[in-house]
Amino acid sequence: MAVLEELVESQLDEWPDARRNYDGLRATERRCAPLGDLNAAVQLNPARIRSTGAAVDKASVAARPCFLCAANRPEEQFAVQIAPGWQLLVNPFPILPMHFTIVSERHEPQSAIPLDMATIAERLPGMAVFFNGARAGASAPDHLHLQAVLRDELPLLRLAEEKHPSDMGGFQTSGQLGLDVPFQFMSGVISPDTAGMLSLMKATQTFGIDAETGARDKGLVNAFFWIDGRGLMRVVVIPRRAHRPPHYFREDGKRLVISPGAIDMAGIMITPRSEDFSAVTPEIMREIYSAVAFADTLPTEITEHFKTV
């Protein structure tokens, strides 16, 4: 952890724009908004408008340079090799005080959860490595990447560790764990054996189901990998049904610029505008979560996907 802290400080010493954004976190507002068993919160992050408001349609993505490719990054940003084919970068637009982007060295689409997440999580103890699917919060769907923050910062991960015993290997639905949460998810404890490898493979093949078409879509998922206090790998996968909620598209003066990615789904709903921060209530949070994920039960085809493990 000390090495990661040194990396952040070194970057902030040399990169004024990043320093300004990290300093701005001190002025971030947050308020608690408990939702059943999930100790959720709403956070005001004005600098995140770049991500929350990003145009991610194919035409817009094709028209801009890829900001994750090495040739297009700020000259102050340097990379650390974290695993073969992957580089660790300090995220210049942080949501939390320790926030990294982990970028594939190849320019390839954000098509599915990469198995390398497990290796990277093992190399970042104390951190949660997460994946935003191409239709689940990724602001660069054209370039495969992950992110990482401190695992203890994320309410959903704390809840999964508390309610899913480490001796209960494999996957459990949030419903099987008896959780009162605003959306359903899969929690996994990955054992260091063949069964664990099969569980990992299932996690990487997870899909969401498009609410409009009914089609499976590997881009409609959020996933978290981390090492718990006992040294076991944990996984939380959130199958999605939509990219953005109806609130994002309203034109009646009640628009909310909220586009849930992994951190939002982990219990910290990010609002880039003060009017959104003021307007969001626990009831609205439930509406947003239920619009983009599965509020009551996971579809049978998703639960069946995990049953063979």
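The values are calculated or read from the model by the stated rules, or taken from the named source; none is laboratory data. Please read these numbers as outputs of a predicted model, since none were measured by experiment. Neighbour counts run over all protein chains shown; Cβ positions are idealised from the backbone, glycine included. These accessible areas exclude ligands, DNA and RNA; they are computed on the full protein's heavy atoms, side chains included. Shrake-Rupley method; radii C 1.70, N 1.55, O 1.52, S 1.80 Å.
Dividing the summed helix terms, -39500 (n - 2.57) for each DSSP H run of n ≥ 4, by the number of residues in the chain produces a 222 nm estimate of -7500 deg cm²/dmol to the nearest 500. Length, then width, then depth: along the principal axes, the Cα atoms of region 98-187 run 41, 27, 23 Å. Between S10 and S166, the simple spin-label model (points 7 angstrom out along Cα→Cβ) gives 3.2 nm. The gain in end-to-end length when the D23 to A70 segment is fully stretched comes to 14.4 nm, 0.36 nm per residue minus the alpha carbon separation. Along its first, second and third principal axes, ordered by size, region 161-309 spans 54, 35, 23 Å in Cα coordinates.
For the chain, the solvent-accessible area works out to 43 Å² per residue, with a probe of 1.4 Å and every protein chain left in place. Can you tell me, using C-alpha contacts under 8 Å and at least 6 residues apart, the relative contact order of region 172-309 as a whole percent? Rounded, it is 26 percent for region 172-309.
Calculate log10 I(q)/I(0) of region 148-209 for q = 0.12, 0.22, 0.23, 0.27 Å⁻¹, where I(q) comes from the Debye formula with a single equal point scatterer on each Cα and nothing for solvent. Taken in order of the listed q values, log10 I(q)/I(0) reads -0.32, -1.04, -1.11, -1.25. Across the accessible surface of the chain, with the other protein chains kept in place and a 1.4 Å probe, carbon and sulfur atoms take up 50 percent. Taking every C-alpha pair closer than 8 Å and separated by at least 6 residues, the mean separation divided by the residue count of region 62-173 gives a relative contact order of 24 percent.
Pairwise Cα distances in region 12-158 exceed 28 Å in 19 percent of cases.
Annotation: amide H of M98 within the under-5 Å range of L150, sequence separation 5 or more or interchain, hydrogens built in the peptide plane. Its relative contact order, with pairs defined as Cα atoms under 8 Å and 6+ residues apart, puts the chain at 21 percent. Taking the empirical scaling 2.2 N^0.38 Å for compact globular proteins as reference, the chain has a Cα radius of gyration ratio of 0.94.
Here is the P(r) of region 250-309: all C-alpha pair distances, binned every 10 Å from 0, give 19, 44, 23, 12, 3 in whole percents.
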